[in-house]
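Report on one structure; see the data block that follows.
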Amino acid sequence: MTLPARDTRVLYPAGVLDTWSRVLHTATAGDGRLAVITDATSFHPVDAAWPDQPADTGALHVRDERYAVHDAVLAATDGESLYLGADIPVRKGADGWSFLVAHLVDPDAPVAEGDEVRIEADAANRHALSAGHTACHLASLALNRVLADRWTKPAREDALGSPDFDGLAIASSRIVADGSVDRYRLNKSLRRAGFDSASLVAGLDGLELAVADQLDRWIATGAVVRVERDGELLTDRRSWVCELPDGTARIPCGGTHLTSLAELSSVRPTFTLVDDAGTPVLEMTIVASRMLPSAGLR
Ligand SMILES: [Zn+2]
């Protein structure tokens, strides 16, 4: 079987949940799964190199039978071999490689190259992850703004012109249903760059209140949110865009999002300090609450 010579076309950035597509390749994967690669997909895969948003849940429909998709992972091929997830030996977008979405199903799913299949991502799970991802980006901007006066040297700026604490200190970011957990390393290089972490460690209560207050003010604007992209292929550049009154924020992002901050009723941050082998780590946990559908719209 030939391996695809082009990236998978991805439809989830536009909010698509359901699509028909042609199977280009199947391969046995670890854990007794079958990896199914299609020309296009509505299924968001997890990227092992930066696993912030987890894979969608859902199913592949093959000739009127439904097969659960157990996982969806980023895959890559150089035309010779197929690599899945953490086994991909090159960076995303490397020349001469195609980057793909592999849907992992049970090995007895009767699916073969050339089949037309229906790919269906679960709507409720997607919406909860989109709310978590939008809240995560908004919270990173709020955190940067609140921490702006703790920098003693000029630092790289974020999408709204604040010193980019989030971009400089982030160690990991995990999107969950209606929330996120971001971890920031308060290490020596951050201090050398001019960030005063000592006073931060001394008082997290004030930080929590100030970030919550900034988030409240932004949510009250009901600002429009969208994903901008250069094209439909998996490695085409995409950005999260939020049209805040303070300016239009643009953050590179491969995930899925809400369409407006008006979909959120609140975004609550909690901060804790943990120790990672002697390096203090600031953990920001975000809980997003979504608006209930208005009674008037029933
Ligand atoms: Zn993102």
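The values are calculated or read from the model by the stated rules, or taken from the named source; none is laboratory data. Just so it is clear, the structure is predicted and the values come from calculations on it, not from any experiment. Here the Cβ is made from the backbone with ideal geometry for all residues, glycine too, and neighbour counts use every protein chain on show. For the accessible areas, the whole protein counts, side chains as well, though only heavy atoms, and no ligand, DNA or RNA atoms are used. Shrake-Rupley method; radii C 1.70, N 1.55, O 1.52, S 1.80 Å.
A few points about this structure:
- Karplus 3J(HN,Hα) series, Hz, for the stretch 227-239 with 6.51 cos²θ - 1.76 cosθ + 1.60 (x for Gly, Pro): 10, 9, 8, 7, x, 8, 7, 3, 8, 5, 5, 10, 9
- GNM top mover of Arg126, Arg91, Arg66 - the chain, alpha-carbon springs below 10 Å: Arg91
- Sites Val90 and Ile170 - FRET efficiency at Förster radius 25 Å, r taken between beta-carbons, to 0.05: 0.65
- What the Cα convex hull of the stretch 77-154 gives, in volume per residue, is 191 Å³.
- Pairs of alpha carbons in the stretch 142-188 whose separation is greater than 14 Å (percent): 54
- Spin-label model distance (nm) - Leu204 vs Glu80, 7 Å beyond Cα toward Cβ: 4.9
- For the stretch 174-250, GluC sites (Glu not before Pro) are listed when DSSP marks them as loop and at most 16 other Cβ atoms sit within 10 Å of their Cβ; the list is Glu232.
- Residue separation of Ala148 and Asp122 scaled by 0.36 nm, minus their Cα-Cα distance, works out to 5.4 nm of gained length.
- Accessible carbon and sulfur surface of the chain relative to its total accessible area, %, 1.4 Å: 50
- Entry comment: accessible area of the chain is 46 Å² per residue, from protein heavy atoms only and a probe of 1.4 Å.
- Förster radius 51 Å - calculated FRET efficiency between Asp276 and Asp64 (Cβ-Cβ, nearest 0.05): 0.50
- Ranking Trp151, Trp20, Trp97 by solvent-accessible area of protein heavy atoms (1.4 Å probe, all protein chains present), from largest to smallest, gives Trp20, Trp97, Trp151.
- FRET E, pair Asp236, Trp50, Förster distance 22 Å, beta-carbon r, rounded to 0.05: 0.85
- Contact order normalised by residue count of the chain, Cα under 8 Å, 6+ apart, percent: 18
- Residue-span extension gain [Asp106 to Arg191] - 0.36 nm each, minus C-alpha spacing: 25.7 nm
- Nearest 10 degrees, 0 to 90: helix 123-146 Cα axis against the chain principal axis: 30
- Compactness of the chain is given as radius of gyration and Dmax, 20.7, 63 Å, from Cα positions.
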